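Written out below as structure tokens is the structure these notes cover.
The values are calculated or read from the model by the stated rules, or taken from the named source; none is laboratory data. What you see is a predicted model, and the numbers here were worked out from it, not measured in a lab. Reconstructed Cβ throughout: ideal geometry from the backbone, glycine too, with neighbour counts over all protein chains shown. Just the protein is used for accessible areas: all its heavy atoms, side chains included, with ligands, DNA and RNA removed. Shrake-Rupley method; radii C 1.70, N 1.55, O 1.52, S 1.80 Å.
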Amino acid sequence: MTAESSRRPILSAAPKAEYLAARAEIDAAVRRVLESGRYILGPEVEAFEREFAAWLGVAAVAGVANGTDALELALRALGVGPGDRVATVAHTVTATVAAITAVGAQPAYVDIESESMLMDPAALERVLAGGGVKVVVPVHLYGRACDLPRIVALARRHGTKVLEDCAQAHGALVGGAKAGTVGDLAAFSFYPTKNLGALGDGGAVAGQDAALVDRVRRLRQYGWSERYVSEEAGRNSRLDEVQAAILRVQLARLDAGNARRASLAARYAERLAGLPLRLPSAGPGGVHAWHQYAVRTARRDDLRAFLAAREIHCAVLYPVPVHRQPGFRADVNLPETDRAAAEVLSLPLHGGVTESDVDHVCAAVRAWFAKG
Ligand SMILES: *Cc1c(COP(=O)(O)O)cnc(C)c1O
């Protein structure tokens, strides 16, 4: 067999590789929880909340069941309810908008910037000028932080709060600040494929205002202020001890994992340079968390099929903008959002990708361009 035909497929995500890389520590952490007899909201969750708050540089963190709940409970803590308008983008995972509609609010869509594929501050300004927006939810998609300095300044001017969607941005920086430390609150997901991933569902709300985070802490457990007594109507969205213990192991490995992602991203940039392919960047003054390596080409579907035929599997995040999905359809014109959805392709970048994989992917991309 040639080296080529014996090559294993390159997957678009590989959460098992993240587990295997830390297997002994994770197995020990899970066993510790199983033997402790505490399975929900115990010492592991408390320790993870403290450690994640310290890593991020915020006053407080509340662990919740998943990233969508983190967004939903954060919106509720910020006072968003039925009839309110929340400004966000449609070039995101459905979850961002699902959280907004779950609290009875309406998404007010903001188009994205072509270069970054993130919320366009100029478009946000027009939406805010329309009035009635209670919260802005910028989404730090692919691991690149939005232009938070401008977005927060605009929001402040309109008396609007900011909730950062940090589900893809653990470790991203903009203007010297970590994503998740600048807005009024920030929502994180620990879905297994995120830069910081559990081996199941998990999420967290972070913030500099401990009282706001405390409100999330109440809302995640029926609204209880003390056991069996609800101060307000909440729900159940608890983080469990097993996932928190796993997250503590992975948090200690997060900076190294992000550095590895950055080195693979730099290798992609070097080997793809000069091709008529739009490559991602961190943007001015930014540090990218490289959750995805999202390139753009007008012939995306053809490139994706060419790579898939060579067992290189690429994800498209996200092929249908939220405002065009049947469950969330909205009559709004978002030309840059539509263009990105048609052109974007994520080249494999995760804990299971090696430098040789990157070289192999880049050679295949070059072969695709060479064939015309
Ligand atoms: C993953 C993700 C979410 C939702 O997180 P879940 O844990 O799957 O609920 C929200 N926003 C963005 C941008 C995400 O990538």
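List of remarks:
- Heavy-atom SASA rank of D84, D209 (probe 1.4 Å, accessible area, largest first): D209, D84
- Surface accessible to a 1.4 Å probe, D201 within the full protein complex, Å²: 90
- Here the range 27-96 is described by how far its Cα atoms reach on the three principal axes: 46, 25, 23 Å, from widest to narrowest.
- Contour minus Cα-Cα distance for S356 and L20 (0.36 nm per residue): 119.0 nm
- Accessible surface of the range 1-100 [probe 1.4 Å, protein heavy atoms]: carbon and sulfur percent: 56
- Between C146, C314, C166, the GNM of the chain built on Cα springs shorter than 10 angstrom shows C314 fluctuating the most.
- Computed magnitude of the charge dipole of the chain (debye, nearest 20; Cβ of K, R +1, Cβ of D, E -1): 400
- Gaussian network model of the chain, springs between alpha carbon atoms under 10 Å - residue of A244, A74, A259 with greatest fluctuation: A259
- Put simply, the range 1-131 fits an ellipsoid with semi-axes of 36, 27, 13 Å; these come from the alpha carbon gyration tensor as the roots of five times its eigenvalues, largest first.
- Within the chain, antiparallel bridges make up roughly 60 percent of the DSSP beta bridges whose residues both belong there.
- Taking the alpha carbon gyration tensor of the range 111-254, multiplying each eigenvalue by 5 and rooting it gives semi-axes of 28, 21, 12 Å, largest first.
- Fraction of alpha-carbon pairs over 11 Å apart in the range 332-372 - percent: 72
- Per residue, in Å², the accessible surface of the chain once ligands and nucleic acids are set aside, probe 1.4 Å: 41
- Taking the C-alpha atoms of the range 75-196, convex hull volume expressed per residue in Å³: 93
- Share of alpha-carbon pairs per 20 Å distance bin for the chain, given as whole %: 29, 57, 14, 0
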